[in-house]
1. Yes or no: the range 64-72 includes at least one residue that is of a type outside the set (Gly, Ala, Ser), touching a helix residue (DSSP H, G or I) at 6+ places or on another chain (Cβ under 7 Å) and farther than 23 Å from residue 112 by Cα.
2. Restricted to the range 28-43, and to residues that are outside any loop (DSSP other than H, G, I, E, B) and among the β-branched types (Val, Ile, Thr), which residue is surrounded by the most Cβ atoms within 10 Å (Cβ to Cβ)?
3. Could you grab the pairs with beta carbons closer than 7 Å, sequence gap of 6+ or different chains, first residue in the range 127-143 and more than 24 Å from residue 43 (Cβ to Cβ) and of a type outside the set (Val, Ile, Thr), second one open to solvent by 50 Å² or more (accessible area, probe 1.4 Å) and in a loop (DSSP other than H, G, I, E, B)?
4. Keeping to the range 217-233, report how many residues are without any contact (Cβ under 8 Å) to a residue 24 or more places away in the chain and closer than 17 Å to residue 162 by Cβ.
5. Of the residues 147, 142, 187, which single one is of a type in the set (Asp, Glu), buried (at least 18 other Cβ atoms within 10 Å of the Cβ) and either assigned to a helix (DSSP H, G or I) or under 17 Å from the mean Cα position of the chain (by Cα) (or both)?
6. Any residue that is surrounded by 17 or more Cβ atoms within 10 Å (Cβ to Cβ), closer than 24 Å to residue 4 by Cα, among the hydrophobic types (A, V, I, L, M, F, W, C) and under 19 Å from the mean Cα position of the chain (by Cα) - is there at least one of those in the range 197-204?
7. Tell me the residue from 21, 25 that is open to solvent by less than 20 Å² (accessible area, probe 1.4 Å), at pLDDT 70 or above, assigned to a loop (DSSP other than H, G, I, E, B) and not charged (D, E, K, R), please.
8. Check residue 152 against each of (1) open to solvent by 30 Å² or more (accessible area, probe 1.4 Å); (2) more than 30 Å from residue 54 (Cβ to Cβ) and name the one condition it does not meet.
Amino acid sequence: VTCTFVSRDNRSQRYTAVKDVTLTVAPGEFVSVVGPTGCGKSTLLNVGAGLLEPSAGQVRVFGQPLSGINTRAGYMFQTEALMPWRTARANVMAGLDRYPHQLSGGMRKRTSLAQTLVLDPDIILMDEPFAALDIQTRQLMENEVLELWADKKKAVLFITHDLDEAIAMSDRVIVLSAGPASHPIGEFVIDLPRPRDVAEVRVAPRFVDLHKAIWDVLRDEVLKGYAQQKLVA
């Protein structure tokens, strides 16, 4: 798929976020996508959700062309989409009977996760869902997600800036180049044994080797992305 956007201020200006991206997630597979800020990771997730139609190319869901919203997917956004006038129970038909403003960050994320899973989707799309949490709560949530995934074995497409998180949770990690026209530049099979504890697995020698191999590919792209962000600022 390719996604090109037209400037609101000048319709003659176009920006290609991602170009010629081919990405497959098998049933029951946990795949993470990492890349520099602004490289189009969330764009790909929105395409997979059917929220954004690609400029070129096609999305297929279980072999069928996607037209409109992907009804077989649940989407967990970076910022939780909780309705503040409803209790957690009313937000997800189960869970904590409190209003969102009474929930801690971890409790809000658990409610958002329940929202995503309540309809038992075949595909789970997650856009940096734990980025705002402290490290201890984040690791607890990561392990909860892995336990739920191991039980149901849904297809997961997980977007993150955190390489440690990607390696600890995934079966495969896809590395995207810096934008514009971002595209995959690396794919790594994560052959760490399961089940995994995300804190304990980080000290495994194989984890360290995988981290080095992926960072060797990712490092220059992160520097390019950082330089681009400085120019924009």
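1. For the range 64-72, residues of a type outside the set (Gly, Ala, Ser), touching a helix residue (DSSP H, G or I) at 6+ places or on another chain (Cβ under 7 Å) and farther than 23 Å from residue 112 by Cα: absent.
2. Selected residue: 34.
3. 143/197
4. Counting residues in the range 217-233 that are without any contact (Cβ under 8 Å) to a residue 24 or more places away in the chain and closer than 17 Å to residue 162 by Cβ gives 1.
5. 142
6. There is no residue in the range 197-204 that is surrounded by 17 or more Cβ atoms within 10 Å (Cβ to Cβ), closer than 24 Å to residue 4 by Cα, among the hydrophobic types (A, V, I, L, M, F, W, C) and under 19 Å from the mean Cα position of the chain (by Cα).
7. 21
8. (2)
The values are calculated or read from the model by the stated rules, or taken from the named source; none is laboratory data. In this text, all values refer to a predicted model and were calculated from it rather than measured experimentally. Methodologically, a virtual Cβ is constructed for each residue, glycine included, from the backbone with ideal geometry; neighbour enumeration extends over all protein chains shown. Accessible surface is based on the protein model in full, side chains and every heavy atom, while ligands, DNA and RNA are left aside. Shrake-Rupley method; radii C 1.70, N 1.55, O 1.52, S 1.80 Å.
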